[in-house]
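Since the structure comes first, as structure tokens, the remarks are kept for the end.
The values are calculated or read from the model by the stated rules, or taken from the named source; none is laboratory data. Just so it is clear, the model here is predicted, and its values are computed rather than measured. Cβ coordinates were reconstructed from backbone atoms using ideal geometry, including for glycine residues, and neighbour counts include every protein chain displayed.
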Amino acid sequence: MPKKLGHIVVAELKKRSKKALDFAKKILSEEQIDDPILRRALNHYLKHWNDFTHPGLFSIACEAVGGNPDNVIPAQAAITMIAAAFDIHDDIIDKSKTKHKIPTVYGKFGAERALLLGDAFLIEGIKLFIESAKTLPEEKQKKALETLKQLIFEVGNAHSKEISLKERKSKAPKEYMQV
């Protein structure tokens, strides 16, 4: 029986994301974190972190415009870290204590440490993205950084809209689709 298309796509995304995810994990695991509980929170997240969508799609996009995905692993890792930061913060907002039967950082270590860990991922991701952008010509560098800023604000606005929708009693499906 042939593999289902979804399984093929997931396998390809996982293959394309491995180097960037490993690179991101290496960078974050080498950070100096003095609080032993926060260090355990980081290790917990890294152990279960398997984002293949963001880095995999980044790899495909790079290749689609004629680039070599192996040349953009730091940028790919940066995007993955930033996405993880929003994921960790979103668990606090949604009060998600588990995902796929695994405790979230929020669920296992509390909101305060989840917030700090999410901030660390965001800071490290932005720092790495800026370093990666320095390899581009000046105009493309500016465009890349402006695009990143816009995307970060889009995600923040979507989270804020989601919170507002949760607070309201009536919710139109169209409004949820905007999130």
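Flag: residue 92 does not match the condition of being within 21 Å of residue 21 (Cβ to Cβ), of a type in the set (Val, Ile, Thr), at pLDDT 95 or above and in a helix (DSSP H, G or I).
Being among the hydrophobic types (A, V, I, L, M, F, W, C), under 28 Å from residue 108 (Cα atoms) and either in contact with a Gly (Cβ under 9 Å, 6 or more places away or on another chain) or part of a helix (DSSP H, G or I) (or both) narrows it down to one residue among 61, 11, 78; which is it?
Working: 61 fails: under 28 Å from residue 108 (Cα atoms); 11 fails: under 28 Å from residue 108 (Cα atoms).
It is 78.
For residue 87, the requirement of being surrounded by 14 or more Cβ atoms within 10 Å (Cβ to Cβ) and either of a type in the set (Lys, Arg) or modelled with pLDDT under 95 (or both) is not met. Scanning the range 116-162 for residues that are surrounded by fewer than 12 Cβ atoms within 10 Å (Cβ to Cβ) and not basic (Lys, Arg) yields 137, 138, 139, 146, 147, 150, 153, 154. The residues on offer are 65, 72, 105, 9, and the sole one that is in the same structural domain as residue 125 (by TED's automatic domain parsing) and farther than 28 Å from residue 153 by Cα is 9.
Would you point out the residue of the range 90-100, among those that are touching a residue at least 12 places away in the same chain (Cβ under 8 Å) and in contact with a Phe, Trp or Tyr (Cβ under 8 Å, 6 or more places away or on another chain), that is surrounded by the most Cβ atoms within 10 Å (Cβ to Cβ)? Spell out the reasoning first.
Step one: filter the range 90-100 for residues touching a residue at least 12 places away in the same chain (Cβ under 8 Å), giving 90-93.
Checking which are in contact with a Phe, Trp or Tyr (Cβ under 8 Å, 6 or more places away or on another chain) leaves us with 91-92.
Details: 91: 21, 92: 17.
The selected residue is 91.
Checking the stated criteria, residue 22 turns out not to satisfy the condition of being without any contact (Cβ under 8 Å) to a residue 40 or more places away in the chain and in a loop (DSSP other than H, G, I, E, B). Among the residues of the range 42-58, those identified as of a type outside the set (Gly, Ala, Ser), outside any loop (DSSP other than H, G, I, E, B) and under 13 Å from the mean Cα position of the chain (by Cα) are 45, 46, 53, 54, 55, 57, 58.
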